[in-house]
Amino acid sequence: MINNRRLLVPFAAPFLAYVFIASALGDFMPIEMNYGLRIVACVALLVWGWKWYMPMTGPKSVSGSVITGVVTGIIGLAVWIVLLTPFADASEAEPWSGSAFMVRLLTAGLLVPVFEEIMMRGFVFRLALQWWEARKRHDSDPLITALDDHSVNTVLPGAWSWPAVIISTVVFASGHNTYEWPASIGFGLLMTGLWIVRKDLISCIVAHGVTNITLAIYVVKTDSWFLW
C-alpha cells in the first residue's frame, strides 16, 4: 500500500501546476498561450500520476453515473449562477476574445473537472475522512496516522462523514476568489453529495464538466461575463 503522504504529490501536482501557471505567469504571456501551457503541463502530470489514482468508476453502472452527472451538472449551473450573481461585480467584466474563450472553454470543460475532482473528492475528502476516523479512535496524532498509515485508495465507494464534507468543501472554496465562495461552497456540497449517492468519481467529473461548459454557453448567450 502506498500511503497518503507519498500520494500527495501525484494527486496535487496537476492542480498546483494549473494554479501556478495561471497566477505566476499570467502577466507574461498572451492568455491563449497561458492556457495552452496549463493544458500541456496538467495533461502531462495527469498521465504521469494516473497509476496512483483510484478507479474513476464504482459499483454502479457507468452509464447511470454519466446520466446522473449530466443532470447534476445542469443543477450545478443553476447553483453557481444563483449564488454568484449577488456577489459578482458586473461593471468590471469584459468579454473575452473568441480564441481566448475557446481555449478556456476547452480547459474548463474537459481538463479542470478531471484534476479538481481527483484532488478534491479523490484525495482531500478521503484524507479528511481517514483523519476523522483516526480521531474517533483517539489516536495520539490522527493526521499523522491518516498520512502515514492509510491510503485514500482504500476508502470504500460512497463512504463519508460530516467533517470530511465540511473540510473538503472549505478547501475547494479556498481555491476560488473570495466573491465566489458562496457559489463554490454550494457547488462543492453538490459534488460531495453526488459522490455519496453514485459512489464514484466519474459522475463528479461529468457533472463538473457539464456545469463549466453550460456556464460558458450561458455567459456568451446572455453577455454575463461577470460570471466567467
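When you check Ile202 against the structure, is it of a type in the set (A, V, I, L, M), surrounded by fewer than 16 Cβ atoms within 10 Å (Cβ to Cβ) and within 24 Å of Leu106 (Cα to Cα), yes or no?
Working: of a type in the set (A, V, I, L, M): yes; surrounded by fewer than 16 Cβ atoms within 10 Å (Cβ to Cβ): no; within 24 Å of Leu106 (Cα to Cα): yes.
Here the answer is no, as Ile202 does not meet what is asked.
Which helices (runs of 4 or more DSSP H) does region 1-94 wholly contain that include 3 or more residues that are of a type in the set (Val, Ile, Thr) and closer than 21 Å to Tyr179 by Cβ?
Because the criterion is at least 3 residues that are of a type in the set (Val, Ile, Thr) and closer than 21 Å to Tyr179 by Cβ, the helices (runs of 4 or more DSSP H) in region 1-94 that meet it are 62-84.
Restricting attention to helices (runs of 4 or more DSSP H) lying wholly within region 121-228, give those where 2 or more residues are at pLDDT 95 or above, farther than 24 Å from Ala78 by Cβ and in contact with a helix residue (DSSP H, G or I) (Cβ under 6 Å, 6 or more places away or on another chain). Before you say what the answer is, go through the steps one by one.
Values: elements: 125-136, 142-148, 162-174, 181-198, 202-222.
Correct list: 125-136, 142-148, 162-174.
Please identify the pairs in which a residue from region 36-62 that is free of Cβ contacts under 8 Å to residues at least 60 places away in the same chain and over 21 Å from Arg6 (Cα atoms) has its Cβ atom under 7 Å from the Cβ atom of a residue that is of a type in the set (Val, Ile, Thr) and in a helix (DSSP H, G or I), counting only partners at least 6 apart or on another chain.
What qualifies is Leu37/Ile21.
How many residues does region 117-147 contain that are at negative phi and without any contact (Cβ under 8 Å) to a residue 60 or more places away in the chain?
18
Answer with yes or no whether Ala183 is touching an Asp or Glu at 6+ places or on another chain (Cβ under 9 Å), aliphatic (A, V, I, L, M) and surrounded by 22 or more Cβ atoms within 10 Å (Cβ to Cβ).
Taking the combined requirement at face value, the residue does not satisfy it.
Tell me, yes or no, whether region 19-30 has at least one residue that is crowded, with 18+ Cβ neighbours inside 10 Å and either touching a Lys or Arg at 6+ places or on another chain (Cβ under 9 Å) or under 20 Å from Met120 (Cβ atoms) (or both).
Checking region 19-30: at least one residue is crowded, with 18+ Cβ neighbours inside 10 Å and either touching a Lys or Arg at 6+ places or on another chain (Cβ under 9 Å) or under 20 Å from Met120 (Cβ atoms) (or both).
In region 97-114, which residue that is assigned to a helix (DSSP H, G or I) and polar (S, T, N, Q) is surrounded by the most Cβ atoms within 10 Å (Cβ to Cβ)?
Step by step, filter region 97-114, then rank; the result is Thr107.
Report, by residue number, each residue of region 152-173 that is among the polar types (S, T, N, Q) and surrounded by 19 or more Cβ atoms within 10 Å (Cβ to Cβ).
Ser168, Thr169
Specify the residue that is modelled with the lowest pLDDT; the eligible residues are those in region 56-96 that are among the hydroxyl-bearing types (Ser, Thr, Tyr) and surrounded by fewer than 17 Cβ atoms within 10 Å (Cβ to Cβ).
Result: Ser91.
Considering only residues of region 8-61 that are among the charged types (D, E, K, R) and more than 26 Å from Leu147 (Cα to Cα), which is farthest from the chain's Cα centre (by Cα)? Please lay out each step first, then the result.
Step one: of region 8-61, the residues among the charged types (D, E, K, R) are 27, 32, 38, 51, 60.
Now narrow it down to the ones that are more than 26 Å from Leu147 (Cα to Cα): 27, 32, 38, 60.
Details: Asp27: 25, Glu32: 22, Arg38: 16, Lys60: 21 Å.
Among those that are among the charged types (D, E, K, R) and more than 26 Å from Leu147 (Cα to Cα), it is Asp27.
Could you tell me which numbered condition Val71 fails, if it satisfies all but one of (1) under 14 Å from Gly188 (Cα atoms); (2) more than 14 Å from the chain's Cα centre (by Cα)?
All conditions are met except number (1).
The values are calculated or read from the model by the stated rules, or taken from the named source; none is laboratory data. Note that the coordinates shown come from a computational prediction; the quantities given were computed from them, not determined experimentally. Glycine also receives a Cβ, built like all others from the backbone with ideal geometry; neighbour counts cover every protein chain displayed.
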